[in-house]
Amino acid sequence: MLRINDSLCLADWELSENFTRSQGPGGQNVNKVETAVELRFEAERSPHLPASVKARLKRLAGRRWTLDGAIVIRAEETRSQARNRELARERLVEMIRAALVAPKRRVATKPTYGSTLRRLKAKAVRGEVKAGRGKPEDEE
């Protein structure tokens, strides 16, 4: 059971962990201990998340979202398997918390009368400046 907030928890069947050998430095340890964690969350099948949250989660996950609707998070920063597990779970919780926040709707506003006049006056002045840059005409 993974707690996201006070009202949302994920069941154990939704999460699966796979351990592999980590890349990078680590001496003799790196060749024999499987410390890297690949956390898989079945987001599309989750009954705990509403459709709107799933849609936002899909956009936030990006290429971590698989074709069958799961999120795969890989953690291999530390040499400890337990710490990597914690890091992967923390990342998943942060991602889901970010998806739970609905974006505010943008309210379209109309420019004020004064701002429209100022903009048009500035355009006219700029047009006069540019018109004055041409070659002078011969007056004979």
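The values are calculated or read from the model by the stated rules, or taken from the named source; none is laboratory data. Being a predicted model, the structure only gives us computed values, none of them experimental. Quick reminder, even Gly has a Cβ in these numbers, built from the backbone with ideal geometry, and neighbours come from all protein chains shown.
When the residues of the stretch 1-31 are filtered to those that are among the charged types (D, E, K, R) and modelled with pLDDT of 80 or more, which remaining residue is farthest from Val72 (Cα to Cα)? Among those residues, the one meeting the criterion is Arg3. All of (1) over 30 Å from Lys32 (Cα atoms); (2) outside any helix (DSSP H, G or I); (3) among the aliphatic types (A, V, I, L, M); (4) within 16 Å of the chain's Cα centre (by Cα) hold for Ala108 with one exception: (4). Is there a residue being in contact (Cβ under 8 Å) with a residue 24 or more places away in the chain, crowded, with 16+ Cβ neighbours inside 10 Å, within 19 Å of the chain's Cα centre (by Cα) and outside any loop (DSSP other than H, G, I, E, B) anywhere in the stretch 40-51? Looking for residues that are in contact (Cβ under 8 Å) with a residue 24 or more places away in the chain, crowded, with 16+ Cβ neighbours inside 10 Å, within 19 Å of the chain's Cα centre (by Cα) and outside any loop (DSSP other than H, G, I, E, B), one finds at least one in the stretch 40-51, hence yes. Taken over the stretch 67-105, the criterion of being among the polar types (S, T, N, Q) and out of contact with any strand residue (DSSP E or B) (no Cβ under 6 Å at 6 or more places or on another chain) is satisfied by Thr78, Ser80, Gln81. Within this structure, Leu87 passes the test of being out of contact with any helix residue (DSSP H, G or I) (no Cβ under 6 Å at 6 or more places or on another chain), part of a helix (DSSP H, G or I) and closer than 30 Å to Val53 by Cα.
For the stretch 31-39, the condition holds for at least one residue, the condition being that it is part of a loop (DSSP other than H, G, I, E, B) and surrounded by 15 or more Cβ atoms within 10 Å (Cβ to Cβ).
Could you check, for the stretch 43-55, whether at least one of its residues is modelled with pLDDT of 90 or more, within 27 Å of Thr20 (Cα to Cα), touching a Phe, Trp or Tyr at 6+ places or on another chain (Cβ under 9 Å) and not β-branched (Val, Ile, Thr)? So far as the stretch 43-55 goes, no, none of its residues is modelled with pLDDT of 90 or more, within 27 Å of Thr20 (Cα to Cα), touching a Phe, Trp or Tyr at 6+ places or on another chain (Cβ under 9 Å) and not β-branched (Val, Ile, Thr).
Pairs linking a residue in the stretch 63-77 that is free of Cβ contacts under 8 Å to residues at least 40 places away in the same chain and surrounded by 14 or more Cβ atoms within 10 Å (Cβ to Cβ) to a residue that is in a strand (DSSP E or B) and of a type in the set (Val, Ile, Thr), with Cβ atoms under 7 Å and 6 or more positions apart or on different chains, are Arg64/Ile71; Arg64/Val72; Arg64/Ile73; Trp65/Ile71; Thr66/Val72; Ala75/Val37. If I ask for residues that are over 15 Å from the mean Cα position of the chain (by Cα) and part of a strand (DSSP E or B), which ones from the stretch 52-80 would you list? Matches in the stretch 52-80: Arg74, Ala75.
For the stretch 97-104, the condition of being surrounded by 13 or more Cβ atoms within 10 Å (Cβ to Cβ) and in contact with a Leu (Cβ under 9 Å, 6 or more places away or on another chain) holds for at least one residue.
Only residues that are hydrophobic (A, V, I, L, M, F, W, C) and either closer than 30 Å to Leu8 by Cβ or modelled with pLDDT under 95 (or both) were counted across the stretch 100-127, and they come to 5.
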